[in-house]
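Have a look at this one before I ask anything.
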Amino acid sequence: MHPMLTIAVRAARKAGNLIAKNYETPDAVEASQKGTNDFVTNVDREAERMIIEVIRKSYPKHTVIGEECGELTGEDDDVQWVIDPLDGTTNFIKRLPHFAVSIAVRIKGRTEVAVVYDPMRNELFTATRGQGAQLNGYRLRGTNAKDLDGTIIATGFPFKVKQHAPSYINVLGKVFTQCADFRRTGSAALDLAYVAAGRVDGFFEIGLKPWDFAGGELLVRESGGVVTDFVGGHNHFSSGNVVAGNPRVVKALINTMREDLSEALKR
């Protein structure tokens with residue numbers, strides 16, 4: 001196992017155990033709103049602190065980019081740990097048991113290691129660049145759908161950027177006429193892990209942050225899929241507009257979405 005993957009798994013499990021324990025005692029959870037429809041809890045912050053502590057013990061000079069802490073620049077800025085301590089905070093607050101810890105290691109701008117851990121199901125999704133993706137040690141392959149016919153597509157509503165609602169609803173309608181059904185789960189990290197596992201055939205969402213999808217992106221790629229922006233390019237890390245699935249599903253999604261995208265969503 002890649003040495004950084006070992007540390008990422010250790011950090012994810014430690015944070016996951018804390019999250020699962022707090023899920024059982026909701027009275028101890030303190031939630032606050034940090035932005036429009038954007039919530040954070042004391043559990044997010046404590047989980048992030050734990051993850052950073054584990055990383056820093058082994059790699060004190062690496063840079064850490066976290067949802068709650070922002071960028072903690074280390075002496076070695078070539079290596080960045082991109083972490084979301086609790087992806088699916090709203091589900092956690094509502095006691096809907098679907099959320100995950102996401103950790104990705106990027107070296108000189110390329111993601112080399114990824115972990116997405118669902119503490120409620122004890123499902124550990126891992127990937128190392130060039131060595132495939134796994135779920136609890138078993139190799140993952142995405143689905144082999146040839147187009148959108150019969151597919152289940154995961155998505156997330158743009159609840160933080162509702163100015164994109166008209167475009168999104170139009171795209172949703174257009175895709176719905178071609179696919180079988182949608183899933184909207186509330187955790188982009190798990191949606192991407194599920195694409196890698198073949199539980200859903202594809203995924204698209206507007207305005208994600210790097211920590212939402214950095215881990216899941218490598219899982220998809222290492223299971224035989226592709227991840228692009230809404231026009232098939234590689235600008236998704238800056239735009240946050242993400243499409244994922246096997247190459248044929250991604251191509252079909254992009255072709256279906258094209259006419260209904262506003263100029264802002266084509267970047």
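Using label points projected 7 Å from each Cα along Cα→Cβ, tell me how many nm separate Arg258 and Asp149, to one decimal.
2.0 nm
Return one number: the angle in degrees, 0 to 90 and rounded to the nearest 10, between the long axis of the Cα atoms of helix 42-58 and the longest principal axis of the Cα atoms of the chain.
Relative to the chain, helix 42-58 is tipped by roughly 70 degrees.
Restricting to the chain, compute how many DSSP beta bridges are antiparallel as a %, nearest 5. Don't skip to the answer; put the middle values down first.
Numbers: 39 of 51 bridges.
So the antiparallel bridges amount to about 75 percent of the total.
About the Cα centre, and with charges only on the beta carbon of Lys, Arg (+1) and Asp, Glu (-1), how big is the dipole of the chain? Nearest 20 debye, please.
500 debye
Which residues in segment 231-250 have a backbone N closer than 11 Å to a point placed 7 Å from the Cα of Lys266 along the Cα-to-Cβ line?
Zone members listed by number: 231.
Further, regarding this structure: Take Ser58, Ser223 and order them by how many other Cβ atoms sit within 10 Å, fewest up front.
Ser58, Ser223
Also, I was wondering about something else. Determine the alpha carbon to alpha carbon distance for each of Lys21/Lys160; Lys209/Lys266; Lys34/Lys174; Lys34/Lys57; Lys21/Lys209 and list only those over 22 Å. Before the final figure, lay out each step's value.
Values: Lys21/Lys160 28 Å; Lys209/Lys266 17 Å; Lys34/Lys174 33 Å; Lys34/Lys57 29 Å; Lys21/Lys209 27 Å.
Beyond 22 Å between Cα atoms: Lys21/Lys160; Lys34/Lys174; Lys34/Lys57; Lys21/Lys209.
Under 19 Å from a point 7 Å along the Cα-to-Cβ line of Arg141: which residues of segment 245-267 have their amide N that close?
245-250
How would Ile7, Ile83 line up from fewest to most surrounding beta-carbon atoms within 10 angstrom? Working shown, then result.
On the way: Ile7 22, Ile83 30.
Ordered by Cβ neighbours within 10 Å, fewest first: Ile7, Ile83.
Could you work out the mean projected area of the convex hull around the alpha carbons of segment 152-266, in square nanometres to one decimal?
6.0 nm²
Would you please classify the overall shape of the chain from the alpha carbon gyration tensor, given that a ≥ b ≥ c denote the square roots of the eigenvalues, rounded means a/c under 1.5, and beyond that prolate means a/b larger than b/c while oblate covers the rest? The partial results should precede the final answer.
Working: a/c = 1.59, a/b = 1.37, b/c = 1.16.
Cα axes put the chain in the prolate bin.
Fewest to most neighbouring Cβ within 10 Å: what's the order for Phe92, Phe230, Phe39?
Working: Phe92 26, Phe230 23, Phe39 15.
In increasing order of surrounding Cβ atoms, one gets Phe39, Phe230, Phe92.
Rule-based calculations on the coordinates, nothing more; no lab input. Quick caveat, the model's predicted, so the values are computed rather than measured. Virtual Cβ from ideal backbone geometry, glycine too; neighbours counted across all protein chains shown.
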